[in-house]
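Just below is one structure, and these are the notes that go with it.
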Amino acid sequence: MPFPEQRSRRLRRTPALRRLVAQTRLSVDDLVAPLFVKEGIDTPEPVVSMPGVVQHTQESLRKEARALADLGVPALILFGVPARKDALGSGASDPSGVVQTALRSLRDEVGESMVLIADDCLDEFTDHGHCGVLDRHQQVDNDATLERYADIAITQADAGADVIAPSGMMDGQVGAIRRALADANHHEVAVLAYSAKYASALYGPFRDAAECAPQFGDRRSYQMDPPNAREALDETALDISEGADMVMVKPALAYLDVIASVRAGFDVPVGAYHVSGEYSMLKAAAANGWIDGDAVALEHLTAIKRAGADFILTYLAREVAERLQT
Ligand code: PBG
């Protein structure tokens, strides 16, 4: 081997050398655990398409948050499944709704040791399963939806959320929420914008977990079109101009180019959502013995960090946190 080329191989010789020169490090501090809480159940219900993931009761949710806090996971994001749904998704902004009740209980359990992020969207709460309210042509009404998101944000902030994360991809949602929070004197509450959220087929298992599959049509008119990368920069710039404190790209692995360009283009913290389908594909292949699931999990999450994410929302949070401890 010619002389100058030898350097990199010398530095790969032992685990300690590789550790010393690693350019990307995955740590517990990078992880955000998505959790589901369901109203009206007595025991946690497994989500069949997401092995290891459950719909929590209020009690099991609290225990899970305690375990995550003890492992040092810094944040969780909460999704609620209400007992009753209606056209307006009324349950989403009910001060004693499933998410608001859970936020109060979690704050009591973990204090300030974890960041509590609340998903601000309607699809889990509407009987039609769309992320917004519908007009008389059965199309999502952007501006009417903004009012709903604003109400939801206030009740979530009242219940103790540190961060509001609007995931519905309505135009102007960050600004509407920021203004509502200011009017309600919640200046301390941050907004994590799902800035570049693509209309992905990888959300299928989540829709089982959150019971939110659209009853007709799809989300292609409000979520981003997968072929478009530069558009993600526009969406992100808009969200930041409207007051987003942090931004997100979703899904993660099929959009590493988008993560890298958002990272390069903006200075705010960038999150990436390693979504349900990404998790389920990994679990299914591992269960069949086709891949080493533990190794692929670390490789995938490290790749998402390498692309430039500051933190990763992943259903692998707990198991990876356990492994990073030992
Ligand atoms: C919408 C929402 C979805 C996800 C997070 N928030 C589903 C969708 O847009 O259809 C998907 C997350 C995942 O797949 O893990 N409230």
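Looking at the stretch 205-225, I want the residues that are within 15 Å of Val133 (Cα to Cα) and among the basic types (Lys, Arg) and have a partner that is within 9 Å of the ligand (Cβ to nearest atom) and open to solvent by less than 20 Å² (accessible area, probe 1.4 Å) with Cβ atoms under 7 Å, at least 6 apart or on another chain. Which pairs are those?
Here the result reads Arg219/Cys131; Arg219/Ala199, each pair linking the stretch 205-225 to a residue that is within 9 Å of the ligand (Cβ to nearest atom) and open to solvent by less than 20 Å² (accessible area, probe 1.4 Å).
Please go through the stretch 25-56 and give me each residue that is β-branched (Val, Ile, Thr), in contact (Cβ under 8 Å) with a residue 40 or more places away in the chain and not in a loop (DSSP other than H, G, I, E, B), ordered by number. Talk me through it step by step, then tell me what you get.
Filtering the stretch 25-56 down to residues β-branched (Val, Ile, Thr) leaves 28, 32, 37, 41, 43, 47-48, 53-54.
Imposing the further condition that a residue be in contact (Cβ under 8 Å) with a residue 40 or more places away in the chain reduces the set to 28, 32, 37, 47-48, 53.
Within the stretch 25-56, Val28, Val32, Val37 qualify.
Those residues that are of a type in the set (D, E, K, R) and open to solvent by 40 Å² or more (accessible area, probe 1.4 Å), I need them from the stretch 166-197; list them, please. Walk me through it before giving the result.
As a first pass, look at the stretch 166-197 and keep what is of a type in the set (D, E, K, R): 171, 178-179, 183, 188, 197.
Asp171, Arg178, Arg179, Asp183, Glu188 - these are the residues of the stretch 166-197 that are of a type in the set (D, E, K, R) and open to solvent by 40 Å² or more (accessible area, probe 1.4 Å).
Would you mind stating whether Leu31 is under 17 Å from the mean Cα position of the chain (by Cα) and under 22 Å from Ala297 (Cα atoms)? Please lay out each step first, then the result.
Values: under 17 Å from the mean Cα position of the chain (by Cα): yes; under 22 Å from Ala297 (Cα atoms): yes.
In short, yes.
Please give the number of the condition Pro82 fails out of (1) within 16 Å of the ligand (Cβ to nearest atom); (2) out of contact with any Lys or Arg (no Cβ under 9 Å at 6 or more places or on another chain).
So Pro82 meets the others, but not (2).
Every residue in the stretch 190-204 that is within 12 Å of the chain's Cα centre (by Cα) and either near the ligand (Cβ under 10 Å from one of its atoms) or free of Cβ contacts under 8 Å to residues at least 40 places away in the same chain (or both), please.
Result: Tyr194, Lys197, Tyr203.
Hey, among Ala87, Ala67, which residue is open to solvent by 30 Å² or more (accessible area, probe 1.4 Å) and among the small types (Gly, Ala, Ser)?
Of Ala87, Ala67, the one residue that is open to solvent by 30 Å² or more (accessible area, probe 1.4 Å) and among the small types (Gly, Ala, Ser) is Ala87.
Look at Ser60 and say whether it is under 24 Å from Tyr149 (Cα atoms), open to solvent by 10 Å² or more (accessible area, probe 1.4 Å) and touching a residue at least 12 places away in the same chain (Cβ under 8 Å).
Numbers: under 24 Å from Tyr149 (Cα atoms): no; open to solvent by 10 Å² or more (accessible area, probe 1.4 Å): yes; touching a residue at least 12 places away in the same chain (Cβ under 8 Å): yes.
For Ser60, the condition - under 24 Å from Tyr149 (Cα atoms), open to solvent by 10 Å² or more (accessible area, probe 1.4 Å) and touching a residue at least 12 places away in the same chain (Cβ under 8 Å) - is not met.
The values are calculated or read from the model by the stated rules, or taken from the named source; none is laboratory data. Computed from a predicted model, the values in this text were never measured in an experiment. Glycine also receives a Cβ, built like all others from the backbone with ideal geometry; neighbour counts cover every protein chain displayed. Only protein heavy atoms, including side chains, enter the accessible area calculation; ligands, DNA and RNA are left aside. Shrake-Rupley method; radii C 1.70, N 1.55, O 1.52, S 1.80 Å.
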